[in-house]
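Here the structure comes first, spelled out in structure tokens, and everything after it is commentary.
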């Protein structure tokens, strides 16, 4: 069975998309074609959307599911004429919230929504710059400014995780690759010892690591299964010996890894 | 007036957080203390949550707003006993969706949710690596593999935007800084001319640019207002002359800029 889902917004579409994805993921036996349509903020664009929705209904032989966060009543009224099953996120939740908060929402007064906030913007850019500047052990003398320092073997997912935490939460996360040198000495480098409370370990299944490294440096010793297995084993031993909390990234998304690290380390997000 | 809001989930909390943030943003006159509590996946953790909620109610003199995406009925039943105003996202929308789709959701059968998907994981990591490897004009010979190439003056927001598009959408975005050399020649560098259809321009208000550059290189000519104003003016002229679509990033969030670029260029997201 095939169905089309639309995530429609007069803004970025991120709320409609996030909620819609999460709800549709609960229906594993249905294959959805998912289409995000942001900035539907005029009568003309709404009319064009109705045509797209109706065409999808025709094609699928079933009406599309529509998740929307449109503020303007006139635009919503046009979308309502389409042959779709509407999940209207704002209208569902904002009335009860208005009652509870004894306050009118911008939605009720027809004001368009924006997620742009200046202080958050700067906080986030700073965090992204921090992750980039302190990536891959590039420098260690700013670790006192770090919220977290991720450690692990090369290519176990440290960089994407640091960048995600910076982007999503404004967290300043550095990362440091544990290389064979550190393993042979069987102890943490001095630059990390001073910041033991900020350390968090990432590990990965050796076969996944082999595949990832092979993409970067095909047929190298670095990408060999034997080398990957050796490094992962040694690093996990180091984590245990040094009492560094760690997580195996193999079966988790970057979101899941990031959320787990924040819980584990008790670090609060900086974005409001 | 002050109220506490909790975003509670047995997963990452991203859906509860995104929807909650978006709904609360509609109430501009109320100050919310926002707390995300992911991985509330046991009876004990749920009981501890109830205590936190009740304590916040006491402190604020008003019950907290609770956005939750908990799958397990027993855990939800415990949360229900707290002194909070519950917005139960899954239970609100999944019943109508089950009817529409004539299908039971994982929620109904009590299966926990996960957003980890292997193919998306690799697609996203590849995109993040692409953004990093092709950042700041570092190399130009992979531009044929790029979905997009952002151009603009140094520090106008190209890198965070490329990384966000990689992380959120799996888009492969390179970026190239237009420097004084390019401005004096008053034309695009050859490496960009070949990929004119992939180009998108970012610009920024000169005073904001001055502030950002000043953070990096205080009191330099590079960070002077005169220099920033000159570069921005020249680059905007170049964009117009060369017919390159562009956006002023000053008053938009990274999410907004990214969503606008995808719409403008008609680029489809790669993450499913």
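The values are calculated or read from the model by the stated rules, or taken from the named source; none is laboratory data. Quantities reported herein were computed from a predicted structural model and do not represent experimental measurements. Glycine gets a Cβ as well: all are built from the backbone with ideal geometry, and neighbour counts include every protein chain shown.
Looking at (1) at pLDDT 90 or above; (2) within 11 Å of chain B (Cβ to nearest Cβ); (3) in a loop (DSSP other than H, G, I, E, B), find the lone condition where residue A:104 falls short.
Exception for residue A:104: condition (1).
Which condition breaks for residue A:87 when tested against (1) facing another protein chain (nearest Cβ under 7 Å); (2) outside any strand (DSSP E or B); (3) in contact (Cβ under 8 Å) with a residue 60 or more places away in the chain?
(2) is the only condition that residue A:87 fails.
Do the conditions hold for residue B:94, that is, is it part of a helix (DSSP H, G or I) and either without any contact (Cβ under 8 Å) to a residue 24 or more places away in the chain or surrounded by fewer than 21 Cβ atoms within 10 Å (Cβ to Cβ) (or both)?
On the way: part of a helix (DSSP H, G or I): yes; either without any contact (Cβ under 8 Å) to a residue 24 or more places away in the chain or surrounded by fewer than 21 Cβ atoms within 10 Å (Cβ to Cβ) (or both): yes.
So residue B:94 fits the description; yes.
Just need a number here: residues in region B:43-63 that are part of a helix (DSSP H, G or I) and touching a helix residue (DSSP H, G or I) at 6+ places or on another chain (Cβ under 7 Å).
The qualifying residues number 5.
So residue B:145 clears everything in (1) closer than 14 Å to residue B:9 by Cα; (2) loosely packed, with under 14 Cβ neighbours inside 10 Å except one condition, right? Which one?
Of the numbered conditions (1) closer than 14 Å to residue B:9 by Cα; (2) loosely packed, with under 14 Cβ neighbours inside 10 Å, the odd one out for residue B:145 is (1).
Looking at B:122, B:165 in this structure, which one is under 24 Å from the mean Cα position of the chain (by Cα) and modelled with pLDDT under 95? So that I can check it myself, show each step before the final result.
Details: B:165 fails: modelled with pLDDT under 95.
Unique residue meeting the criteria: B:122.
Just checking, which of B:66, B:40, B:75 is buried (at least 19 other Cβ atoms within 10 Å of the Cβ) and assigned to a loop (DSSP other than H, G, I, E, B)? Walk me through it before giving the result.
Details: B:66 fails: assigned to a loop (DSSP other than H, G, I, E, B); B:75 fails: assigned to a loop (DSSP other than H, G, I, E, B).
Every option except B:40 fails the conditions.
Grab the helices (runs of 4 or more DSSP H) fully contained in region B:155-272, keeping just those with 3 or more residues being away from chain A (no Cβ under 12 Å). Let's see the steps before the verdict.
On the way: elements: B:158-169, B:180-185, B:190-193, B:206-216, B:225-241, B:254-265.
Counting at least 3 such residues, we get B:180-185, B:190-193, B:206-216, B:225-241.
All but one of (1) in contact with a strand residue (DSSP E or B) (Cβ under 7 Å, 6 or more places away or on another chain); (2) more than 8 Å from chain A (Cβ to nearest Cβ) hold for residue B:58; state the number of the condition that does not hold.
With (1) in contact with a strand residue (DSSP E or B) (Cβ under 7 Å, 6 or more places away or on another chain); (2) more than 8 Å from chain A (Cβ to nearest Cβ) applied to residue B:58, the lone miss is (1).
For region A:220-272: of the residues being in contact with a helix residue (DSSP H, G or I) (Cβ under 7 Å, 6 or more places away or on another chain), exposed (fewer than 13 other Cβ atoms within 10 Å of the Cβ) and under 29 Å from residue B:38 (Cβ atoms), which is modelled with the highest pLDDT?
The selected residue is A:245.
Pairs please, first residue from region B:12-29 and more than 7 Å from chain A (Cβ to nearest Cβ), second anywhere and assigned to a loop (DSSP other than H, G, I, E, B), Cβ atoms under 6 Å, 6+ apart in sequence or on different chains.
Here the result reads none, with nothing in region B:12-29 linked to a residue that is assigned to a loop (DSSP other than H, G, I, E, B).
I'd like to know if region A:193-215 contains one or more residues that are in contact (Cβ under 8 Å) with a residue 60 or more places away in the chain, in the same structural domain as residue A:147 (by the TED database), touching a strand residue (DSSP E or B) at 6+ places or on another chain (Cβ under 8 Å) and closer than 14 Å to residue A:152 by Cβ.
yes
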